[in-house]
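Bear in mind that the values in this text are calculations on the coordinates, not laboratory data. Being a predicted model, the structure only gives us computed values, none of them experimental. All Cβ positions, glycine included, derive from the backbone under ideal geometry; neighbour counts span all protein chains shown.
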């Protein structure tokens, strides 16, 4: 049986030794009952002391019959991206999903109150998860962000409305929740955003693609306007169409490239952990490159793992490979791209570490 993640669960070594993953269960208290939720916690292998908490909130499949096939692995890549930035990245499956205790909450009606009830119930679970994680010796419960995708984005916004101590910001990626067989589901969602917007006091970052098949730009603008009318503090970023469905923004590689860059700027503005601009200058200096390469290297720092940065002294240029299943594949991609223009290509970075040259 997997261990409870109060301290450490079953640790899983990655191809990259700079991160540690704990797979196990979180035992939380909900309505006076102990509930076991499937969990994942990722952090840097060299991390010391208490780390700020990044809670990742998963979405819900269109076919609720497949909930038992949903696991924390679905957000593991994003957890690694956050852990590399200095966070204690935490993911937990809602009740009824994966190996979490059930059952899943009953289906909703078209009554607007049903949507609020569902989202507040999900927020109860998220708050319980944070209370549990706060007991870990490596967790800093005074610095927390919540990042949710799809229905998880709506959950994160509901959590923000509670203004719990320590929760400093929320990020909603393709956020929202549809109600089947409800002709007024969009109006209900807009009304819910206004309710939560009147309560939430922390900054929010909303990220969508124009090609989202669930939440089109007009609906997103209605949601945001309602929340702003309620008094919310929301920055909206609407990306151009991408992929076959922009609703996959959170998971697709090009989507991660886009939203991670926005997340880095958001975190930097809030003075929360992420990579810093002086790190880019340091890499350029170590590689003996020119300052004109700075935008490219900044893009590399924001790019999703697994990633490799290659450099050619002859052409004084950088190439990269990112979002690969392994470092070996990222390395091959970066060197192959570099080799189309140069014959002296060398790897200068693997993920977030500089590779010393002979």
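Inter-part distance, region 20-99 to region 147-223, computed on C-alpha centroids, equals 20 Å.
Annotation: extensible slack from residue 73 through residue 253 equals 63.2 nm (criterion: 0.36 nm per residue apart, minus Cα-Cα distance).
Summarising the label geometry, the points placed 7 Å from Cα in the beta-carbon direction at residue 326 and residue 271 lie 4.4 nm from one another.
If the chain linking residue 343 and residue 131 were pulled fully straight, counting 0.36 nm for each residue of separation and taking away their Cα-Cα distance, it would gain 70.9 nm. Residue exposure proxy: 133, 253, ordered by other Cβ atoms within 10 angstrom of their Cβ from fewest to most, comes out as 253, 133. Assuming a ≥ b ≥ c are the square roots of the Cα gyration tensor eigenvalues, decide whether region 277-354 counts as rounded (a/c under 1.5), prolate (otherwise, with a/b larger than b/c) or oblate. Taking the square roots of the gyration eigenvalues as a ≥ b ≥ c, region 277-354 is oblate.
The percentage of C-alpha pairs in the chain whose separation is greater than 26 Å is 51%.
For the peptides 23-33, 49-59, residues were scored by their other Cβ atoms within 10 Å and the scores averaged per peptide; the highest-first order is 49-59, 23-33. Look at the Cα gyration tensor of region 150-295: its axes a ≥ b ≥ c give a/c of at least 1.5 with a/b at or below b/c, and that counts as oblate.
Length available on full extension from residue 286 to residue 62: 0.36 nm per residue minus the Cα-Cα distance, which gives 75.8 nm.
By DSSP, the beta bridges lying fully in the chain are antiparallel in about 50 percent of cases.
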